[in-house]
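What follows is one structure encoded as structure tokens, with my remarks underneath.
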Amino acid sequence: MRPTLLVLGGTMEATALARAAAERGMSGVVSFAGRVARPLRQPLPQRVGGFGGVEGLEAYLKTERITHVIDATHPFAAQMSRNAALACAATGVPLIALTRPPWTPAPGDRWTCVADIAGAVSALDRPRLHVMLAVGRMHLAAFAPNPQHRYLLRLVDPPVGPLPFPEAEVIVDRGPFDAAADRALMARCGTELVVSKNSGGAGAYAKIAAARALGVPVVMIDRPEPPARREAHEVSEVLDWISHAGAALGV
Ligand code: NAP
């Protein structure tokens, strides 16, 4: 049977996979949650918006006759990944995750690792600093208990409505970013602390490399635990799985 892919997207890896699948003549769709105003145009057809939980995703898989699900969401998109694992298990549609290995500290890094966003909020319960807060728009409100800092925010879309803290510089930009440019940005802003998710991958690593070069400490937020599933780190592994083993092996 000709494969019909559902690529759960929102990452550069998802776009790369969609490009490779389209080049090989595979059909399928890339799905976005709808968090950014203008998602990057995909080489496969795209859809936007939630499925309606696990049951909604199960119904979608059946209606659209999906043969393979590739979870290429961001490592912090824990709910979507859980839903995909449950819906695929219930319907028997094979699932693979295209994931980025987490970053690990290199010599010169000054990381404090915390378990989650709440841990990062607690780590900022300290006297005023200039903080680069790189956690994404949806988590900014959690940092309202620490209004004493001056924040540097880099967001894909301009913020809608007031920010939850009084002092912030907002830069509207989307990756991939460059380490030298991030070093210059942090130097200009007098950044004394970076707060980052451990996203992995190359596109967002610039701020981590820049922090190391400047001797700036980083509060690194660990990833949520993924569900049990098959994982690949390379597009080629996923293509191989689709063409040779996907339907037979499952998770
Ligand atoms: P989440 O908390 O795991 O998902 C919440 C809900 O959003 C899901 O239950 C699902 O709704 C919907 N959803 C999420 N991803 C979707 C997708 N690719 N296609 C259709 N519906 C999706 O995820 P999130 O943290 O809000 O992230 C949303 C998207 O942004 C993800 O696709 C992710 O790749 C991307 N992203 C996330 C981060 C991050 O740090 N979290 C960073 C960069 C990009 P239903 O239950 O209704 O199906």
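The values are calculated or read from the model by the stated rules, or taken from the named source; none is laboratory data. None of the values given here were measured: they were computed from a predicted structure. Virtual Cβ from ideal backbone geometry, glycine too; neighbours counted across all protein chains shown. For accessibility, only protein heavy atoms count, side chains too; no ligands or nucleic acids. Shrake-Rupley method; radii C 1.70, N 1.55, O 1.52, S 1.80 Å.
Just a few scattered comments:
- Failed criterion for TRP241 (all others in (1) at pLDDT 95 or above; (2) open to solvent by less than 20 Å² (accessible area, probe 1.4 Å); (3) touching a His at 6+ places or on another chain (Cβ under 7 Å) hold): (3)
- Residue within the stretch 48-63 that is on the phi < 0 side of the Ramachandran plot and either in the same structural domain as PRO176 (by TED's automatic domain parsing) or within 18 Å of the chain's Cα centre (by Cα) (or both) present: yes
- Here the stretch 20-54 is the region considered, the condition is being touching a residue at least 24 places away in the same chain (Cβ under 8 Å) and assigned to a helix (DSSP H, G or I), and the residue that is farthest from the ligand (Cβ to nearest atom) is ALA20.
- Tally, over the stretch 86-144, of residues that are more than 18 Å from PRO224 (Cα to Cα) and of a type in the set (Asp, Glu): 2
- Residue count for the stretch 69-107, restricted to those that are surrounded by 15 or more Cβ atoms within 10 Å (Cβ to Cβ), more than 13 Å from the ligand (Cβ to nearest atom) and assigned to a loop (DSSP other than H, G, I, E, B): 3.
- Any hit, the stretch 117-125, residues being surrounded by 14 or more Cβ atoms within 10 Å (Cβ to Cβ), in contact with a strand residue (DSSP E or B) (Cβ under 7 Å, 6 or more places away or on another chain) and under 19 Å from LEU185 (Cα atoms): no
- Residues that are farther than 19 Å from PRO101 by Cβ and either small (Gly, Ala, Ser) or open to solvent by 50 Å² or more (accessible area, probe 1.4 Å) (or both) within the stretch 178-201 comprise ASP178, ALA180, ALA181, ARG183, ALA184, ALA187, ARG188, GLY190, GLU192, listed in sequence order.
- Taking the listed residues VAL48, VAL114, VAL54, the one that is farther than 21 Å from VAL238 by Cβ, touching a Gly at 6+ places or on another chain (Cβ under 7 Å) and aliphatic (A, V, I, L, M) is VAL48, with no other qualifying.
- The stretch 206-226, subset open to solvent by 30 Å² or more (accessible area, probe 1.4 Å) and out of contact with any Gly (no Cβ under 9 Å at 6 or more places or on another chain), residue farthest from the ligand (Cβ to nearest atom): LEU214
- Considering residues of the stretch 150-177 that are charged (D, E, K, R), open to solvent by 40 Å² or more (accessible area, probe 1.4 Å) and assigned to a loop (DSSP other than H, G, I, E, B) only, the residue farthest from the ligand (Cβ to nearest atom): GLU167
- Residues being hydroxyl-bearing (Ser, Thr, Tyr) and either on the phi > 0 side of the Ramachandran plot or touching a Pro at 6+ places or on another chain (Cβ under 9 Å) (or both) - total across the stretch 145-196: 0
- Tally, over the stretch 197-221, of residues that are in contact with a strand residue (DSSP E or B) (Cβ under 6 Å, 6 or more places away or on another chain) and within 27 Å of CYS88 (Cα to Cα): 1
- The residues of the stretch 129-149 that are modelled with pLDDT of 95 or more, out of contact with any Lys or Arg (no Cβ under 7 Å at 6 or more places or on another chain), outside any helix (DSSP H, G or I) and open to solvent by 10 Å² or more (accessible area, probe 1.4 Å), listed by number, are LEU129, ALA144, PRO145, PRO147.
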